Every structure is written in C-alpha cells, then in structure tokens.
Amino acid sequence: MKVTVIVPTFNEEPNVAELVRRVGAAVEGIDAELLFVDDSTDGTPATIEAVAREARLPVRMIHRTDGVGGLSGAVVEGFRASDADWCLVMDGDLQHPPELIPDLLEQGAVTGADVVVASRYVGGGAADGLSGWVRHAVSRGSIAVARAMFPVRLRDCTDPMTGFFAVRRDAVDVAALRPRGFKILLEVLTRNKVRVAELPFVFGERFAGDSKANVRQGLSYLHQLASLRFGRMSRFAIIGAFGAVLNLAIMAGLMATGEGYVEAAIVSAVVTITINFLLQERFVFHDLRDHGGAWRRFAESFGFNATEAAIRLPFLVWIVEATPVPPVLAQAVTIAVAFVLRFVFHSRVVYRRGRALVPPEADVPLEGEATSPRVSSDGDAQVQ
Ligand SMILES: Nc1nc2c(ncn2[C@@H]2O[C@H](COP(=O)(O)OP(=O)(O)OP(=O)(O)O)[C@@H](O)[C@H]2O)c(=O)[nH]1
Ligand SMILES: [Mg+2]
C-alpha cells in the first residue's frame, strides 16, 4: 500500500525541516512519499528543496504561482499528482502530529473506511491549539451548522473542518471537487458517497510562523456551505427574499416620509432590481457569466424586471383601489408571483446554458442522488 502525504504550504519556512524530520520518522516501514503543494511567496520552496535532499523519505514539491483555489485548491492539486492508494492531508505548521499517520492508515485498513478523519471533537480529541475563545466558538458553531445542513453525509464525522485526514484515492471523484477556501474535507465528504472513520487527536500549537486563517476565510466558508447545499434556484430565492424585504423596507420608509405609495414603489423597485442583479451575478450565476458583457446581462435583467415591475404597478393600484388589502401587503403578493417569472427568465435567457463554456456547478451530485428535481436522502427537496 502506497501513501502520499500531502502538505499545503503558504509561507511555512521555519516549519519545513521539523515537519520533514517528524514525518520521515513516523512513516518508517510504510511506502510513503511527502508532497508539498506550495503557494509561498517567501523562501519556503528553497528550504523544501534543501531539506528534501537529506530526508528519510522521498519528498516532492509542486510550487504554484497562481495559487488557484487557495489551500483547498492546493490539496486537490496534490490528489491529482498522486498515484498512491491513500492520500493523507495535513497542515505544514505541525498542529497535526505526524506521529498519528500510521494510526490513521491502520484505522482505514481495519474499518474499510474510505476516509479517516483525525477529529478534535471525538473521544480524547481536543482543539487546544485554536487561539482564543472566539476561534473555539467559530469552530464549534460552523461544525454545528454544517452537520445540520448535511445530516446524512456528515453523520459519521464530528469534525468536517479538520485539515488532517486520509482518503482512499479511488473513492473520491477529484474532478467533481470545487476547491475553494480552507475546508477541503467538507467538499470531499459532501460531494462523494464515502464511508468515514474517525480517530481523536489533539490539535496542537503552531510550531512557528503566522496563521493564515482570517475573517475572509470565514465568509468563504459560508459561501461554500450555501453552494454545496442549495441548488441554483434556492440561492436565487434567498436573494430574491432578501430583495423583497429590502423593497418593502424602502417602500415603507419612503411612505413614512410622506411619499405617495406609487412613487415609493417605483424607487424601491429600481434600487432592489440593481442590488439583486449584483448579488445574483456573484452568488447564483457566477459560473455562467463568461459570455457577453456584464452590461448586456444587466440591461436584459433590468429590462425584464422593470417591465415586470411596470406591469405589476397597475395590478398594485387595482388591488389597493378595489380591495381593502393594504399597499405593502399587496406589493408582497405581487412580488411573490413575479419571483417565479423572474427565475425562469434569468436562467433561460440572461444566463442560458448555451452561452456558458463551463458546466453548471449544480450538476455535481450532492447529498442524496442527483435526480431532477433532487430529493436528498434525508428528505430535503432540492431544486436546482
Ligand atoms: N498551498 C497553500 N497552502 C495554504 C494556503 N493558505 C494556508 N495554507 C496552508 O494550510 C495550512 C493551514 O493554514 P493555517 O494558517 O495553519 O490555518 P489554521 O491552522 O486554521 O490557523 P492557525 O491555528 O493559526 O495555524 C498551513 O500548512 C498553511 O501553510 C494557500 O493559499 N495555499
Ligand atoms: Mg495552523
């Protein structure tokens, strides 16, 4: 059985020698290689090359200059470059004890699992190395959210955020992964049907150097979760709902300052249409934006929404004049009807598939099997 130990590194120069020494000692008797996937801007690659010459195991390095996909992209690059039976992923700052490598592999062999996770939150595990209560709370909280959103796929995993795990290479569809941000294991577990085993471990202190975790990674994590869990229409609906609330708030605010309801409805519609377009470009149709210019899409989107809003206006007037329904409630009803029309127009016209060069992300099977419309095995209906 062959193993590739994949270590993503970004400016970890002071940790390289110690890491190689400890990994070398830990995998004594195992057919293992060490593969650094490095995006560093400091002397890390030179240090890796120097240390590799003295190492007790074969050491390879892929040095990237584009840094695509960040930490997760680096790990996927490592999967692609490996021909081993198992890929074991760990951080380069020694927060993950290399001495656990044989135990993780052993656990895989004994249990027949496809993925063996070193967990901070099972048995004797601990997250001592997380600095401060805020990061402890964020870690616990993000795991709770992820497990609530993927009750089936994450059933056997107490720590889907860990960066210390081993995967049987042929159990993972590497091409289906959409690496982004820090949470590569989450991506592996939610996009593949795999059997998971766990081992406790104590997440230690950084050996040396600086942390690369930050608030941006946190936001990217939320985006990742939403993309994994929700199909395109659900994300469109979330943004649409946000737009509707915004629309009503602006309208109510303007009316409170003495504006008539017709003028208030026009202004709130224009503001909301523009904000919705920007959010949808970024979060709903980001993989279908590569044909034509943003201005053309904006013109089509705005044209449709403005026309729809203009048609909606006479309806609004009619409802308000002919029935006792209050204006803001009437507006809410018409917005709900317009939502469906809007989604159909945007996916069929503004971002229609024939225009795109890349396959849409929602075609990747997620929790449950990919049928259309999807119903996940835990019963959540998923509309693409
Ligand atoms: N290749 C690559 N590696 C990265 C990138 N960002 C972080 N890493 C590496 O990923 C591992 C985890 O990053 P850390 O900064 O240790 O994140 P963390 O463990 O959550 O934060 P600390 O607890 O403060 O260490 C380390 O080996 C980093 O060098 C990146 O963009 N590219
Ligand atoms: Mg670290």
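The values are calculated or read from the model by the stated rules, or taken from the named source; none is laboratory data. All of these numbers come straight from a predicted model, not from anything done at the bench. Neighbour counts are summed over all protein chains in view; Cβ atoms, including those assigned to glycine, are modelled from backbone coordinates with ideal geometry. These accessible areas exclude ligands, DNA and RNA; they are computed on the full protein's heavy atoms, side chains included. Shrake-Rupley method; radii C 1.70, N 1.55, O 1.52, S 1.80 Å.
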query: Between the helical axis of 70-81 and the dominant principal axis of the chain, each derived from Cα atoms, what acute angle in degrees is found, rounded to the nearest 10?
result: 60 degrees
task: Please give, to one decimal in nm, the separation of the simple spin-label points placed at HIS223 and VAL333, each 7 Å out from Cα toward the Cβ.
output: 3.9 nm
- request: Excluding residues fewer than 8 places away in the same chain, name every one of the aspartates and glutamates whose C-alpha is closer than 16 Å to that of LYS2.
  value: GLU28, ASP31, GLU33, ASP83, ASP85, ASP103, GLU106, ASP114, ASP170
- prompt: Taking a 1.4 Å probe, which of ARG282, ARG153 shows the most accessible area, and what order do the others take after it?
  reply: ARG282, ARG153
task: Could you grab the Rg to Rh ratio for segment 1-105? Cα atoms only, Kirkwood for Rh.
output: 0.92
message: What is the angle, in °, between the Cα long axis of helix 16-26 and the longest principal axis of the Cα atoms in the chain? Nearest 10 is fine, range 0 to 90.
response: 60 degrees
Dipole in debye (nearest 20) - segment 2-230, about Cα centre, beta carbon charges: Lys, Arg +1; Asp, Glu -1: 1020 debye
message: Just to compare against my own numbers: the Cα pair-distance distribution for the chain, 10 Å bins, whole % per bin, please.
response: 5, 21, 25, 20, 14, 9, 5, 1, 0
- prompt: Helix 215-229 versus the longest principal axis of the chain: what is the Cα-based angle in degrees, 0 to 90, to the nearest 10?
  reply: 70 degrees
- request: Would you work out if segment 82-121 is rounded, prolate or oblate? Take a ≥ b ≥ c from the square roots of the eigenvalues of the alpha-carbon gyration tensor; rounded if a/c is under 1.5, else prolate when a/b is larger than b/c, oblate otherwise.
  value: oblate
- prompt: Taking 0.36 nm per intervening residue step and subtracting the Cα-Cα distance, what contour gain separates TRP295 from ALA137 on full extension?
  reply: 52.7 nm
query: Given the rule -39500 (n - 2.57) for each run of at least 4 DSSP H residues, summed and divided by the residues of the chain, what is its mean residue ellipticity at 222 nm, to the nearest 500 deg cm²/dmol?
result: -16000 deg cm²/dmol
query: Separation of segment 216-254 and segment 88-132 by C-alpha centroid, Å?
result: 35 Å
query: Nearest 0.05, what FRET efficiency do ALA109 and ASP156 give at R0 = 25 Å with Cβ-Cβ as r?
result: 0.90
- prompt: Rounded to the nearest 5, what % of the DSSP beta bridges within the chain are antiparallel ones?
  reply: 30 percent
message: What does the extension gain come out to for VAL262 and ASP66, with contour length at 0.36 nm per residue minus their alpha carbon separation?
response: 65.4 nm
Proximal lysines to LYS193, defined as alpha-carbon separation beneath 21 angstrom and excluding residues fewer than eight positions away on the same chain: LYS183
message: In Å and on Cα atoms, what radius of gyration and Dmax does segment 2-230 show?
response: 16.2, 48
message: Rounded to two decimal places and with Rh computed the Kirkwood way over Cα pairs, what is Rg over Rh for segment 186-328?
response: 1.16
- prompt: For the chain, what relative contact order do you get, as a whole percent, if you take Cα pairs closer than 8 Å and at least 6 residues apart?
  reply: 15 percent
- prompt: Using a simple spin-label model with points 7 Å from Cα along the Cα→Cβ vector, what separation in nm is obtained for PHE242 and ASP83?
  reply: 4.7 nm
